[in-house]
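The values are calculated or read from the model by the stated rules, or taken from the named source; none is laboratory data. A quick note: this is a predicted structure, and the numbers were derived from the prediction, not measured. A quick note on method: Cβ atoms are made from the backbone with ideal geometry, for glycine too, and the neighbour counts reach across all protein chains shown. Ligands, DNA and RNA are stripped out before the accessible areas are found, and what is left, the full protein with its side chains, is counted by its heavy atoms. Shrake-Rupley method; radii C 1.70, N 1.55, O 1.52, S 1.80 Å.
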Amino acid sequence: MIKNSTKLAVYDIDLLIYKVSYAKTVPLSKEQLAYQTDSLNQNLSIIKDVQITNLPKSESMNYQVYRADLSNVIYRINSSLNQIEDISKKNSKFKGYIDGQLYFNSEIQETFLRELVLTRNVILEDEHTVKKGGDLYEHGYEKQRKALEKEDKNIIDEYGGSGD
């Protein structure tokens, strides 16, 4: 299930990257990106419909982590698109603006492309880890959890708590 989902997600993100890479020269609207964002949401919906109790115990954590990663990827893409849409509305008073078009200058385009590449890498890492039979939690979250625990302990100690 995860392998198929990662392939679909990478494909959708690749199409977004392709479209955004031409956004400065070819007018682009949010609706033109909606097919890929809708597809990502449908992908997540299918993942959410999986009954975790029906999965082998060894796969349940991978499923939960992948679901969280895909949710985060979609959130980040939609958040970036909403920011670009807000900027576009502010630029709507300039000559040459087409109603509904997303405004892309070099900085906006580069920032969004960087975000798309980062989200693509998250999905590719999940795919690679699952293909190798690895544990997504250990691969992506355990190190972060330990670093946060250490930071929390330092903060608690600083404010007079025991931290233990």
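Tabulated results
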{"read-out": "Cross-link partners of residue 3 among lysines (Cα-Cα below 16 Å; sequence separation of 8 or more within a chain)", "value": "48, 131, 132"}
{"read-out": "Net charge dipole size for the stretch 1-77 [Lys, Arg +1 and Asp, Glu -1 on Cβ; Debye, nearest 20]", "value": "140 debye"}
{"read-out": "Sites excluded, trypsin sites (Lys or Arg not before Pro) in DSSP loops with at most 12 other C-beta within 10 Å, longest stretch of the chain", "value": "1-94"}
{"read-out": "Simple Cβ-charge dipole of the stretch 36-125, Lys/Arg +1 and Asp/Glu -1, about Cα centre, in debye nearest 20", "value": "160 debye"}
{"read-out": "Qualifying lysines (Cα of each under 22 Å from Cα of residue 89; at least 8 residues distant if same chain)", "value": "19, 24, 30"}
{"read-out": "Surrounding net charge for residue 3, when Lys and Arg each add one and Asp and Glu each subtract one, Cβ distance under 11 Å", "value": "0"}
{"read-out": "Loop-located chymotrypsin sites (Phe, Trp or Tyr not before Pro) in the stretch 22-74, at most 13 other Cβ atoms within 10 Å (DSSP)", "value": "22"}
{"read-out": "Extended-chain gain in nm, criterion 0.36 nm per residue less alpha-carbon gap, residue 106 and residue 31", "value": "24.9 nm"}
{"read-out": "Solvent-accessible area per residue for the chain (1.4 angstrom probe, square angstrom)", "value": "65 Å²"}
{"read-out": "For residue 102, residues with placed amide H under 5 Å, excluding near neighbours", "value": "28, 29, 30"}
{"read-out": "Between 0 and 90°, nearest 10: helix 57-90 axis offset from the chain longest Cα axis", "value": "30 degrees"}
{"read-out": "Among [x] 12.9; [y] 9.3; [z] 18.8, the entry that matches mean projected area of the Cα convex hull in nm² as calculated here", "value": "[x]"}
{"read-out": "Residue among 77, 15, 53 farthest towards the positive dipole end of the chain, charges placed on Cβ", "value": "15"}
{"read-out": "Label-point separation in nm, residue 149 to residue 121, each point 7 Å along Cα→Cβ", "value": "2.7 nm"}
{"read-out": "C-alpha long axis of helix 142-158 to longest principal axis of the chain, angle in °", "value": "80 degrees"}
{"read-out": "Charged-residue dipole, Cβ positions (Lys, Arg, Asp, Glu), the chain about Cα centre, Debye nearest 20", "value": "540 debye"}
{"read-out": "Folded to 0 to 90 degrees: helix 106-131 orientation relative to the chain principal axis, Cα", "value": "40 degrees"}
{"read-out": "The chain - percent of accessible surface contributed by carbon and sulfur, probe 1.4 Å", "value": "52 percent"}
{"read-out": "Spin-label model distance (nm) - residue 48 vs residue 159, 7 Å beyond Cα toward Cβ", "value": "3.3 nm"}
